[in-house]
1. Compute the FRET efficiency between B:ASP700 and A:LYS244 as 1/(1 + (r/R0)^6), taking r as their Cβ-Cβ distance and R0 = 51 Å, and round to the nearest 0.05.
2. Taking 7 Å along the Cα-to-C-beta vector as the label spot, tell me the A:GLU338-B:MET731 distance in nanometres, rounded to one decimal.
3. Could you work out the mean projected area of the convex hull around the alpha carbons of the protein assembly as shown, in square nanometres to one decimal?
4. For a quick check of understanding: with a 1.4 angstrom probe and all protein chains in place, what accessible area in square angstrom does B:TYR679 have, to the nearest ten?
5. Where does the charge balance sit around B:TYR459 when Lys and Arg score +1, Asp and Glu -1, over other residues with C-beta under 13 Å from its C-beta?
6. Taking the mean number of other Cβ atoms within 10 Å as a proxy for protection, how do you rank A:324-330, A:291-297 from highest to lowest?
7. Helix-only mean residue ellipticity at 222 nm, chain A, DSSP H runs n ≥ 4 weighted -39,500 (n - 2.57), per residue, nearest 500. What is it?
8. Taking only protein heavy atoms and a 1.4 Å probe, what accessible area per residue, in Å², does region A:263-353 have with all protein chains in place?
Amino acid sequence: MRGRMMSDAVQKRWGKALARWRGGGRSRAVAWVAGSFVVLLALLVTGCQGDRVQSSLHPAGPAAQTIATLWWVLLAVCGIYTVGTFALFFYAIFRPKQEESPQKTGNTFIMVGGVILPFFVLLGLLIYSVQATTNLRAPDTELTIRVVGYRFWWHVEYPDYGIVDANELYIPVGQPVRLELKSADVIHSFWVPQLAGKMDMFPDVDTELWIQADREGVYRGQCAEFCGVQHAKMAFEVIALPPKDFAAWVAEKQQSRPDQESEVFKQGHEVFMRHGCAGCHAIRDTNAVARAGPDLTLMGNRRMLGAATVKNTRENMRDWLENPNRVKPGVLMPPTEEISEEEIEALVDYMLSLK
Amino acid sequence: MDQIEQRDPELHAALEKTWYSPTGFPEWFSEVNNRPLGVRFMVTAFAFFLISGALTILMRIQLIVPNNEFMSPQTFNQLFTMHGSTMMYLFAVPFLEGLALYMLPQMIGSRDVAYPRLTALGYWCYLFGGMVFYASFLVGEVPDAGWFAYTPLSGRDYSGLGLDFWALGLALVEIAGIVAGVEILVTVLKFRCPGMTLGRMPPFAWAMLVVGVMSLFAFTTLLVATLLLELDRAAGTHFYNPNRGGSSLLWQHLFWFFGHPEVYIVFLPATGVVSAIVTTFSRRLLGYLLIVMGMIVMGFVSFGLWVHHMYATGLPELSMHFFAAASLMVAIASAVQIFAWIATLWGRKPPMNAPMLYTIGFVVIFVLGGMTGVMVAVVPFDWQVHDTYFIVAHLHYVLIGGVVFPVMAGLYYWLPKMTGRMLNPTLGHLSFWLTFVGFNMTFFLMHVMGLLGMPRRVYTYPAELELEFHNQLATVGTFVLAAGFLVFVWDFFRSLRHGELAGPDPWGGDTVEWTTESPPPTYGFYGSPIVRSRHPLWHSGPVPGGEEFAELAAAEVLGGPIPFRATMATDIITGKPQSIQYLPGPSYVSLYVAGGIVLSLVAILMQLYLVSIAGLVVAVGGLFYWLYPRQEVIEMLRNSEVGRRAGLPIITTGTRSTAWWGAVCLLIILGTSLAAMLYAYFYIQLYSEQWPQGNIPLPDLAIPGVICALLVLSSATFCWANRSFRLGKPMAIQAGLTTTLLFGTIFTIVQTYLIAQIPFSHQENAYASLFYLLSGYIWLQVLVGVVLLAVAQIRIWKEHCDREGFMKLHMQVTGLYWHFSVVAGVIVYAALHLLPHVI
């Protein structure tokens, strides 16, 4: 009895609206649904406005450009097919009642719409896919950068120049760069959407990718294969410089090493060694040579800290050194324990001096 | 077949007594009937669905603003791992299995499924597997490597105890998946009612037939893959350990060889549901043949798509193009079905009730998901969107649109049959609009988020991605979506007491499930329905001729009181009656075996290896008790009058017997697992600089060669024994079987010795692990064969005159197993001992 009443209550509350939907409102419902899809599509397009740091729809190089074009073509082709299918489907449902249509017409309709037409459309897409893949083959490159993924940061090496860095790649504008990819532990994936698609990095298989930036700028990238607790904050930046500036950067960084005579080094390096930092990190031309953590030779030069997690400011550096877990929970670097105010200041000075 | 069955109280009581469904404690645990077990599957799966949905709400709250600190990254990783694993392993597959176990026999006019106790075993394994998954919360070690658990992240170096819960729980669920595959396959083939040719099967039955075959291959591969993972974790082998010669990519190949077909394993039944609904409300079905062909093509091709999950792993271009072609073309198989439904609905003015609305919602969402599926099949495009929110959007469009919406449609359609009560139409509309709108709010903009650079499986994102609005809309949408499902749950419980009575056929459906009362009696049908057309309730078909009268007579006998559980078994193609199939009643043996398996696996978790072995002994003992032929049953069937009255045999052999089909399925499972292990072996060999790896010497040829030759000889001696059995020469039978048994025993003993004498440890490197694995596998395979041979020999001593009855079947099944073991032995010898010398 109670249920009957409840049902009545429900009927009363919703029945009127329902009746409206049913009586002539059905086409309105369809219009409403179609309208919301248009709104959502509009939102989709708005995503393309403005400046974005990690968007595959804002390509800054030929590889990403090829794929972005491919996307718009795919959207157009699939969009037309979708709209056509929906139109047929809703017309089929809402058209006036019809006498039996012969089985034969039905089968022809299914064959054309469901087999023949899609076959040719898909064949076209397949040919396009093969061509685009071919176009994306690596061109001849002069510069090679070796990137090794670690949980949760990136080791970056310029074998031709003898520069070792981390979490930042400097590349010259307008030149294709070959990347040798490898992992030190689990599987990672190297991805800078504005420059190219992604490529996985394995501990046991070497992979390669090429990137090229056609504009000066900073392009954000991120690990795209789930690699453990801090997968989300395993990012990096690609900094594209005009060729001249890039050459200057290389020349400068090849010479980078700490000034062992300076006061900053003497104090800072002593703290560095005392607190066991050298157990994981390396600094060129010093007795710190470990490779478990990022190379710190160019630490003061980096734009970001903790694999592009926060800006490399004095304050952030201090926070990081005290307890990196606060900035990036799950990071493998332990907090620096029992460090005095003086010591940490000396260490921060030292880190920021490494350029 | 055009009228509803009338109840005869006396007969009803007699049948109820035979087919009773036990209640109370502990009898409840001995249930083997398909419908109660189907309900248990569905209820359990839906509970997991709701739990998993609750997890997503927590995740969406975390993602509502950038750099949110609502939960730790660790927690987020655990939640998305549990969400994905629950939805894929504990909801989608088991729910549809449950629906099939319940509905399939009803739709094809059978009283039960082919192996009732196996159904129960599947359910217990599934339930315990799910409990093991969630027990991880109790010890605070929740799996956190994703539902895909890529190695090496899921290996012992990077993941804790949580992954052991995951792997072992999954192993149990996979066993459930495999046995459900066997169950469904044989039921569709053998238990269709008289007259139901393959061409008259409802599309849902076709879908389940394809799914049954696919499950055998897909779940077995995953079972092998997870067992190798657990061996790596618990026993220190190196299959997936790149530091010791293993491969980090091998897991992905094995996993996706299962993982992609799995999508179709859940999608195909859903299309079957949609076909049923569209047919009923259009009062016709156009393009039946094309729909069926689409399903079969989908089933085949789905095994050739797995690499499209691995485009970004640096595989050779040509192989990627091959998989891209297959991935694009499989879309045709779906398009055919969509256009068949459009053609069917054309101008039929279907009523806008809840099943139909959910069907429409399915088409809209699934078409969009299919289109993004076509997009990601294009290799370079996938390089950008792979592992981004674009994929999150795509897979939810396909899985929620392609599975959950049809499931909801199916529930609104069939719940009146299952509960006997109608659901409330108003609440149905409300539930549909909430889920449909909520779904699109949640997932549509995720396409954009992926394109704009948001990767998957991140617990937070930086503000400079400017994706706050998108994420907020998605979070709000999740609540709307959840509200839609809760309205359904409310409606369901409301209807149980207060819903209108449904009657046998509330929708005017076309298939035979609508002939029984709602809910159907424990025995399903009185006798056996007879089907003369594709829509038996609409068109009764041609007037029965002479042959059909025989069918009628048989059905009539089946409808009378029979002292044991029986259903009609028919020809796998023509649906002509072949025999009366005896089915076992309630039994605890399934629970006992499942308990043994669980004990064995949970003990591995706790590293109590002796207990683990004890569990295994319990399980094997239970299986032996289960499968050992019961003399009293055999005598009862031999003396039964039923067969003579029905004009059909009760005791069958060969392709007429469900036991024979079960044995064939077992061989498919064993063959698939051997193939998966050999794949691992050759894959690692391909990527190794030297083979055998390390300083391990080449394997011995001589002694393994001799025992392999003995094995081949034993195949011949078994044939001799079998021939003597057919000719009725008792001494020759004994001689033949004794020789076979002798050869088999020599093989087992020598192989035991050889394994004990291997000069390296299984922890040496990946080659060593594989060598132990394959040697051990074939040892076990032959050992079981020897036991089966011994049983056959003991039984044939007394029963050698039973040349056309049970003993013949026994010899057939033993023969199938033994010959298969011999082939497997030769293959393993060639791969493990011979080839390393040649290459």
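The values are calculated or read from the model by the stated rules, or taken from the named source; none is laboratory data. Note that the structure is a prediction, hence the values are computed from the model and not measured. Quick reminder, even Gly has a Cβ in these numbers, built from the backbone with ideal geometry, and neighbours come from all protein chains shown. Ligands, DNA and RNA are stripped out before the accessible areas are found, and what is left, the full protein with its side chains, is counted by its heavy atoms. Shrake-Rupley method; radii C 1.70, N 1.55, O 1.52, S 1.80 Å.
1. Working: r = 67 Å, r/R0 = 1.31.
Working from the Cβ atoms, E equals 0.15.
2. Here the answer is 9.2 nm between the modelled labels.
3. On the way: hull surface 197.3 nm².
Mean projected area for the protein assembly as shown: 49.3 nm², to one decimal.
4. Number for this one is 80 Å².
5. Charge balance near B:TYR459 sits at +3.
6. Numbers: A:324-330: 17.1, A:291-297: 20.0.
Answer by packing, highest mean first, reads A:291-297, A:324-330.
7. Mean residue ellipticity, 222 nm, calculated: -14500 deg cm²/dmol.
8. In whole numbers, region A:263-353 has 48 Å² accessible per residue.
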